[in-house]
Amino acid sequence: MSKSQMIQTDRGSVLTAQEIAEIDAELGHVPYKSGAAIDALKIVQAKRGWVSDECLQAIARHLEMSAEELEGVATFYNLIYRRPVGEKVILFCDSVSCWICGCDDIKQKISAALGVDYGETTADNQYTLLPVPCLGACDRAPVMMVGDDLVTHLDEAKVKALFGDVKVEAGGDQ
Amino acid sequence: MEKVLTRNIGLEQEPTNLKAYEANGGYQGLRKAMAQMSPKDCQDVISASNLRGRGGAGFPTGMKWSFVPAAEKSTPGHRYLVCNADEMEPGTFKDRLLMECDPHQLIEGMILAAYTIGADISYIFIRGEYIVAIQRLRDALAECYGAGLLGENILGSGYSLHMHVHPSAGRYICGEETALINALEGKRANPRAKPPFPQVSGLWGRPTIVNNVETLCNIPHIIDRGADWFKTLGLGEDAGTKLFGVSGKVNNPGCWELPMGTPIREIIEQHAGGMQDGYQLKGFLPGGGSTDFLTAEHLDLAMDYNVIGAAGSRMGTGTMIILDDRTCPVGMVLNLIRFFAHESCGFCTPCRDGLPWSRQVLQDIEEGRGQPEDLETLAYQVRYIGAIGNTHCALAPGAMEPLQSALKYFYNDFKQHISAGRCPYH
């Protein structure tokens with residue numbers, strides 16, 4: 001079970017005037033409104049961190065599409081979050097080059113330090129840990145993103161510097 | 001060797017702005033085309049240059065463009081040029097470098113490509129995680145609009161083009177060009193059945209060309225200096241230079257611009273500095289996660305599309321992933337198949353259901369639960385899931401490439417896992 005807390009959801013559940021203005025600007029690029037679905041989801045997520053049911057329904061109404069169809073789009077993409085996430089999302093690369101360079105071990109250390117597994121948010125709501133396809137920095141493997149920042153050449157010391165002491169755990173190999 | 005694609009890229013160099021790019025010959029190709037070349041002239045030069053797509057498939061760029069219907073034979077409306085900057089193939093890290101360090105080179109290539117096919121709108125479809133590249137491309141686009149290099153009546157030529165950066169919301173499948181088009185249309189990124197091909201009916205049903213970042217970065221240089229010059233850059237049958245990369249347990253992992261046709265041994269031993277102490281090369285994927293393994297016996301092959309193809313693999317993206325003798329080949333294939341199973345869009349049955357089945361069999365073998373008949377099951381999956389035509393797109397056949405070649409070259413490793421009931425590498 002996730003250790004995440006419910007963070008402040010968007011009370012009122014209505015899109016802000018600024019969000020609507022940004023979505024409407026995107027409508028100029030597309031021949032029909034639902035064409036801006038992904039842009040609209042990203043605009044709403046940018047400030048709120050995630051897309052709540054209420055927001056999803058409001059976006060769907062604004063784009064004149066069904067909420068079900070928009071939900072199909074939203075849940076397809078791994079960078080659209082339909083559940084609350086922490087202040088920063090950790091996108092941890094577990095693809096092949098990082099795997100060869102020992103990312104499984106690093107991931108265990110991060111999980112131990114933060115007390116979360118993939119899909120979970122830390123108790124203090126600082127971080128959500130997610131796996132991500134190859135981040136295109138394989139010459140600097142293992143790598144991850146913390147928020148907007150790429151962190152390369154991951155090792156135990158870097159994990160400790162970022163997330164504090166790694167709790168001692170049994171069964172670490174290699 | 002003369003650096004072409006990376007001439008503005010160096011360790012101590014700042015990423016180029018418009019002024020720095022132009023000072024080093026930037027936008028000369030565009031000025032030349034706008035002043036004295038018709039779209040047909042540009043098309044002829046690119047076709048003659050033998051440029052092949054750098055995104056992995058190696059399809060001739062000039063031929064791809066030539067399938068766009070002539071403007072006078074087409075219904076009126078928009079035409080689109082899309083740059084595929086959705087670099088997500090496991091082990092591939094070349095387009096990031098080109099976009100972060102020299103964004104104007106890509107933009108110039110895109111303007112020229114758009115001019116050639118008669119496009120009036122273009123998109124850079126870039127993965128959302130490439131935060132730095134997105135910002136630098138946006139800054140560069142603003143500079144171009146300010147300098148009359150984009151927008152209405154470019155350089156007084158009468159040609160107009162608008163360009164947008166479109167950060168993606170994720171998923172590996174968006175790198176498939178018809179899936180990418182669906183994503184640009186705001187839909188789920190399921191690949192489309194072909195035909196119709198995007199050149200005829202792509203974005204919003206209009207003629208659309210999708211090209212890889214590195215492919216487009218070649219265009220300004222070919223237009224500026226000609227097809228014959230470009231062909232002299234390659235050492236073998238393929239033209240131009242290529243960004244080659246190496247990752248894994250080598251001394252100096254990295255990405256270098258080298259002549260097309262550079263021998264694999266030179267790339268791994270000279271540029272990547274050879275294997276780290278205590279590690280030996282057991283095999284390698286020559287061009288990303290969906291290419292077949294090759295082994296030490298292939299080190300003297302040239303990195304040319306047809307040479308690597310004849311050896312039973314693909315040059316793919318040209319970024320190699322090294323399997324060393326202390327890394328389990330079954331574990332490596334399991335990592336890859338797990339990735340592809342996770343990234344399947346779920347539309348076609350062999351991919352949606354077949355890849356998780358492969359993953360399960362591989363996981364059983366890796367974790368010591370394998371049975372002798374599992375090897376026949378894997379061979380069956382390779383035939384069925386890997387067959388071109390069973391799925392809309394190449395994700396599942398691509399996923400089978402490392403598996404089928406691992407079964408060929410590392411069969412004993414699979415057998416040892418099963419007979420010992422454990423992974424011998426742990």
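The values are calculated or read from the model by the stated rules, or taken from the named source; none is laboratory data. Not measured: the values here are computed from a predicted model. Because the Cβ atoms are built from the backbone with ideal geometry, glycine has one as well, and the counts that use them run over all protein chains shown.
Scanning the stretch B:212-255 for residues that are closer than 19 Å to B:Q105 by Cβ and β-branched (V, I, T), we see that the one that is nearest to the other protein chains (Cβ to nearest Cβ) is B:V213.
Looking at A:L27, A:L114, A:L15, just one residue is within 27 Å of B:H342 (Cα to Cα), in contact with a helix residue (DSSP H, G or I) (Cβ under 9 Å, 6 or more places away or on another chain) and not charged (D, E, K, R), and that residue is A:L114. Do you know which residues across the stretch B:140-156 are within 27 Å of the chain's Cα centre (by Cα) and surrounded by fewer than 16 Cβ atoms within 10 Å (Cβ to Cβ)? Across the stretch B:140-156, the qualifying residue is only B:A142.
For first residues located in the stretch B:280-291 and of a type in the set (D, E, K, R), partners that are part of a loop (DSSP other than H, G, I, E, B) and lie 6+ apart or on another chain with Cβ distances below 7 Å form the pairs B:K282/B:D325. Residues in the stretch B:39-47: is at least one in a loop (DSSP other than H, G, I, E, B) and either within 30 Å of B:L336 (Cβ to Cβ) or out of contact with any His (no Cβ under 8 Å at 6 or more places or on another chain) (or both)? No, the conditions are met nowhere in the stretch B:39-47. Any residue in the stretch B:378-387 that is farther than 30 Å from B:N182 by Cα, out of contact with any Cys (no Cβ under 8 Å at 6 or more places or on another chain) and surrounded by fewer than 16 Cβ atoms within 10 Å (Cβ to Cβ)? Checking the stretch B:378-387: at least one residue is farther than 30 Å from B:N182 by Cα, out of contact with any Cys (no Cβ under 8 Å at 6 or more places or on another chain) and surrounded by fewer than 16 Cβ atoms within 10 Å (Cβ to Cβ).
For the stretch B:342-359, residues that are away from every other protein chain (no Cβ under 14 Å) and not β-branched (V, I, T) total 9.
Residues checked against (1) touching a strand residue (DSSP E or B) at 6+ places or on another chain (Cβ under 6 Å); (2) at pLDDT 95 or above:
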{"site": "A:G119", "(1), (2)": "no, yes"}
{"site": "A:T122", "(1), (2)": "no, yes"}
{"site": "A:V132", "(1), (2)": "yes, yes"}
{"site": "A:V143", "(1), (2)": "yes, yes"}
{"site": "A:D149", "(1), (2)": "no, yes"}
{"site": "A:D165", "(1), (2)": "no, no"}
{"site": "A:D173", "(1), (2)": "no, no"}
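Report whether or not B:R171 is in contact with a Cys (Cβ under 8 Å, 6 or more places away or on another chain) and among the basic types (K, R). Answer is yes for this residue.
Restricting the stretch B:298-330 to residues that are of a type in the set (V, I, T) and more than 19 Å from A:I100 (Cβ to Cβ), the residue that is nearest to the other protein chains (Cβ to nearest Cβ) is B:I308. Please pick out the residue among A:E19, A:E26, A:E68, A:E64 that is at positive phi and over 17 Å from the mean Cα position of the chain (by Cα). The unique qualifying residue is A:E64. Does A:D24 fit the bill of being loosely packed, with under 15 Cβ neighbours inside 10 Å, without any contact (Cβ under 8 Å) to a residue 60 or more places away in the chain and in the same structural domain as A:A141 (by TED's automatic domain parsing)? It is false that A:D24 is loosely packed, with under 15 Cβ neighbours inside 10 Å, without any contact (Cβ under 8 Å) to a residue 60 or more places away in the chain and in the same structural domain as A:A141 (by TED's automatic domain parsing). Filtering B:G26, B:G10, B:G58, B:G77 for residues that are over 20 Å from the mean Cα position of the chain (by Cα), on the phi > 0 side of the Ramachandran plot and not assigned by TED's automatic domain parsing to the domain that holds B:F340 leaves a single hit, B:G77. Does B:A310 satisfy the condition of being outside the structural domain of B:P103 (by TED's automatic domain parsing), of a type in the set (A, V, I, L, M), without any contact (Cβ under 8 Å) to a residue 12 or more places away in the chain and on the phi < 0 side of the Ramachandran plot? Here the answer is yes, as B:A310 does meet what is asked. The strands (runs of 3 or more DSSP E) found wholly in the stretch B:199-318 and carrying at least 2 residues that are more than 20 Å from the chain's Cα centre (by Cα) occupy B:281-285. When B:D277 is tested against (1) free of Cβ contacts under 8 Å to residues at least 40 places away in the same chain; (2) buried (at least 19 other Cβ atoms within 10 Å of the Cβ); (3) farther than 17 Å from B:F410 by Cβ; (4) not aromatic (F, W, Y), only condition (2) is not met. Among the candidates B:I121, B:I107, the residue that is outside the structural domain of B:E343 (by TED's automatic domain parsing), within 24 Å of B:G175 (Cα to Cα), crowded, with 24+ Cβ neighbours inside 10 Å and of a type outside the set (D, E, K, R) is uniquely B:I107.
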